[in-house]
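What follows is a short report on a single structure.
The values are calculated or read from the model by the stated rules, or taken from the named source; none is laboratory data. Computed from a predicted structure; not experimentally measured. Cβ placement follows ideal geometry from the backbone for every residue including glycine, while neighbour counts extend to all protein chains displayed.
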Amino acid sequence: MTTIELILSYASTTVGGGLFATILTHKKDTQKNVLEDRVDNRKQDENEFRALIDVYQKDNGELKEQLKQNHIDSEVLRKKVMLLSQQLHSMNIKLSIMEASRNNLPIPYWIKDTNLNMLYVNSAFERKFLAPINKVIDDYIGKKDVSIFGVELANQFAITDKMVHDTKQELEFLEPMPNPKGEIIYIHCYKFPRMLGNLVVGIGGLVLGVYDTDEHLKHLLIK
């Protein structure tokens, strides 16, 4: 009798049939449990994957919203900068017209930008302070005080310019200035901020008087 025949013969008996049925049932239950575990694991993996997708979609949505807001803010800022640029351009045109009319003022007059570069000086300034040291208006325009009057005087001018800029107020000062002989005299300056709304866009000034130190600042040289 073959092995298969022996197994079938044993399975046909009561004891053998019960044992064989038990083995088959156990095998079937084991397969079922493995299948259920696989299904559960797959469901868990799917749930975790969905959770990741939800997080990604949320983060992606927030990022898109942030980028949209940044674009809006950037556009608003760009328009503000463009408007300010247009206003400054318009102001420079008006300033040029105004300064042309003031070129004939009999007292020295000037305008600087906020970096203290000279934008404008009138002919009275040229006659009183530039011509005696062999300079002309074009030597000064677009440059700082140091290029004309040296470091020491330029630093003193910058201190009072900064005071006007920071306080946004009109102020008066006595400032040193060399005369044609190279001697230090003092000029009575009236300085004022050039405003665009609440923004300082320049520093203006004019000379109210020039005083000789030999006369203890009492002798008026400009009348």
- Message: What's the total number of residues in segment 178-207 that are touching a Pro at 6+ places or on another chain (Cβ under 7 Å) and aliphatic (A, V, I, L, M)?
- Response: 5
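Residue-wise test of (1) within 15 Å of residue 207 (Cβ to Cβ); (2) modelled with pLDDT under 90; (3) in the same structural domain as residue 189 (by TED's automatic domain parsing).
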{"site": "87", "(1), (2), (3)": "no, yes, no"}
{"site": "91", "(1), (2), (3)": "no, yes, no"}
{"site": "97", "(1), (2), (3)": "no, yes, no"}
{"site": "111", "(1), (2), (3)": "yes, no, yes"}
{"site": "120", "(1), (2), (3)": "yes, no, yes"}
{"site": "124", "(1), (2), (3)": "yes, no, yes"}
{"site": "127", "(1), (2), (3)": "yes, no, yes"}
{"site": "136", "(1), (2), (3)": "no, no, yes"}
{"site": "139", "(1), (2), (3)": "no, no, yes"}
- Message: Anything in segment 133-158 that is within 33 Å of the chain's Cα centre (by Cα), loosely packed, with under 14 Cβ neighbours inside 10 Å and among the β-branched types (Val, Ile, Thr)? List them, or say none.
- Response: 141, 151
- Item | residue 185 of a type in the set (Val, Ile, Thr), over 34 Å from the mean Cα position of the chain (by Cα) and outside the structural domain of residue 84 (by TED's automatic domain parsing) | yes
